[in-house]
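The values are calculated or read from the model by the stated rules, or taken from the named source; none is laboratory data. As the structure is a computational prediction, the values presented were derived from the model and not from experiment. Cβ placement follows ideal geometry from the backbone for every residue including glycine, while neighbour counts extend to all protein chains displayed. For the accessible areas, the whole protein counts, side chains as well, though only heavy atoms, and no ligand, DNA or RNA atoms are used. Shrake-Rupley method; radii C 1.70, N 1.55, O 1.52, S 1.80 Å.
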Amino acid sequence: GDEDNENAVKYIYEAIENSSFLTTLDISGNKLGTDNGFERLSYLLKKLSSLTTLDISGNNFGTNGTKYLSENIKSLHFLSTLHFNKNSIEVEGAKYLSEGIKNLTSLTKLNISDNQIGVVGTKYFSETIRDLTSLTDLNISSNKIGSDGAIHLKEAIITLPSLRILNVSKNGLELDGIRYVCEGILNFKYLEDFNLASNKIDVDGIKYLGRHLKDCTLLTKLDLSNNYLGVNGAKYFCGILENLLSLSELNFSRNDLGENGIEYLCDGIKNIQLKSFDVSDNKIRENGAKILSDSIKDMISLKSLNIKNNGIGNIGAYYLCNRIKTLPSLTSVNISDNFLSPQSEKIFKKISHVINWEK
């Protein structure tokens, strides 16, 4: 129960409160959102000035807890990594936390996702992080930013050309929001990991993205899942891939590709050595499975392939089964929800010594 949890946390605090040289503290997901919880944690932080990594995510601190904690986060001058996600801080909490981190010039990684900060909260953070020039990893996903909030985000990230990881997924950015974010990454030559999942991106949005990703030649991971790209979006994206030869992980799931869309996408990846490829939930059917199996034949580095829920049926499974056996690095394949007969399942199970068969 909550009382047992509170006592356990109390004992942990007592055990480490005199550890003045402690550099890493992970106390995430411990229901510290009560008055006693965040007051004790705040007291503890006063004594741990050497911390470089702090994870206090998933504690539901809310506005009051964030206000209390931010006062002592200010003193963590050596902090390089802060996870404050899933704490329901909302707009006012965003104001307090942004004040708390504004002078933490050593901060390289900041995760404030899943906090419902909205447009105004994004403005508060943007005014702060533009001065955190050491920042290389920013996760601001699931915060109801929208296109209006993206204007403020652009003003911040445009001053941080050293960002290597940027996650703005699940923010309902739509066309205007994507345009602002793309303008923000204009000079991001070092970007390695970009997550734009679940932002209602359509073919016009992918055109903006294409113009601004052309110089991101170091990009290794791109997530465009759960958007509205369709066949035309895949066709345009095929041209973008010509400049992304370092790409190793691509998530294009839930984009309504169909057989024609998967053909365009596969044409785009033919010269790229992907390690992870996700095209699940795209209705590619058996013909799309054949196209896919042909396109990955030279991907000797491919380790993970997700084709879940594509209606490939037994014939599509046959094409993929023959291809999978020839890929030396492949360890994980997800073919669940594809209308396979028991006989097709047996065929895949026969090569289970080669792959981690997920069903």
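For the reader, a short list of remarks on this structure follows.
- Single match in Ser20, Ser50, Ser42 (criterion: open to solvent by 50 Å² or more (accessible area, probe 1.4 Å), of a type in the set (S, T, N, Q) and either within 14 Å of Ser75 (Cα to Cα) or without any contact (Cβ under 8 Å) to a residue 12 or more places away in the chain (or both)): Ser20
- Residue in segment 201-219 that is small (Gly, Ala, Ser) and open to solvent by 10 Å² or more (accessible area, probe 1.4 Å) present: yes
- Output for segment 113-132, where each listed residue is outside any helix (DSSP H, G or I), closer than 12 Å to Glu90 by Cα and open to solvent by less than 30 Å² (accessible area, probe 1.4 Å): Ser113, Asn115, Ile117
- Criterion (under 29 Å from Lys303 (Cα atoms) and open to solvent by 40 Å² or more (accessible area, probe 1.4 Å)) met by exactly one of Asn226, Asn251: Asn226
- Hits in segment 262-299 - residues which are among the charged types (D, E, K, R) and in contact with a Cys (Cβ under 8 Å, 6 or more places away or on another chain): Asp267, Asp294
- Conditions (1) over 22 Å from the mean Cα position of the chain (by Cα); (2) open to solvent by 30 Å² or more (accessible area, probe 1.4 Å); number of the one not met by Gly62: (2)
- Of the criteria (1) outside any strand (DSSP E or B); (2) closer than 27 Å to Leu218 by Cα, which one Lys283 fails: (2)
- Residues of segment 133-148 that are buried (at least 22 other Cβ atoms within 10 Å of the Cβ) and out of contact with any Asp or Glu (no Cβ under 8 Å at 6 or more places or on another chain): Leu135, Leu138, Ile140, Ile145.
- Ser142 passes every criterion in (1) over 13 Å from the mean Cα position of the chain (by Cα); (2) part of a loop (DSSP other than H, G, I, E, B); (3) under 24 Å from Gly62 (Cβ atoms) apart from (1).
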